Amino acid sequence: MSDYAVEVFVTTNPVELEAAKGVLEEAGIPTTVRDLTSRPYPLHVGGLMAELRLVVADVNSEAARELLKEGIEDGYLETGEVL
């Protein structure tokens, strides 16, 4: 695996993004936020707000996705989507 950035989570809710970021950082996975709110596109399909995306290094992407899926299953994360 190489060490490039991979998007693992998307939401239009800034609070949800911070919760997802906290889940990953608590597990020792560094994150970066890709904020698309200042651009007119891409808009979230069916919504009025632009997307906020959570990015991790490729080497951490599988673990990050599993943690985020667990967060959704447990009801801790509600409005985002694991990519």
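The values are calculated or read from the model by the stated rules, or taken from the named source; none is laboratory data. Worth saying up front: this structure is predicted, and the values here are computed from it rather than measured. Heads up, the Cβs are rebuilt from the backbone with ideal geometry, glycines too, and the neighbour counts pull from every protein chain shown.
Within the range 44-79, restricting attention to residues that are modelled with pLDDT under 90 and surrounded by 15 or more Cβ atoms within 10 Å (Cβ to Cβ), which residue is nearest to V8 (Cα to Cα)?
Within the range 44-79, the match that is nearest to V8 (Cα to Cα) is E51.
What are the residue pairs meeting all of these: first residue in the range 68-83, first residue outside any loop (DSSP other than H, G, I, E, B), second residue of a type in the set (K, R), Cβ atoms under 6 Å, and 6 or more apart or on different chains?
V82/R65; V82/K69
Hey, among the residues in the range 4-22 that are in contact with a helix residue (DSSP H, G or I) (Cβ under 8 Å, 6 or more places away or on another chain) and buried (at least 20 other Cβ atoms within 10 Å of the Cβ), which one's farthest from G75 (Cα to Cα)?
V8
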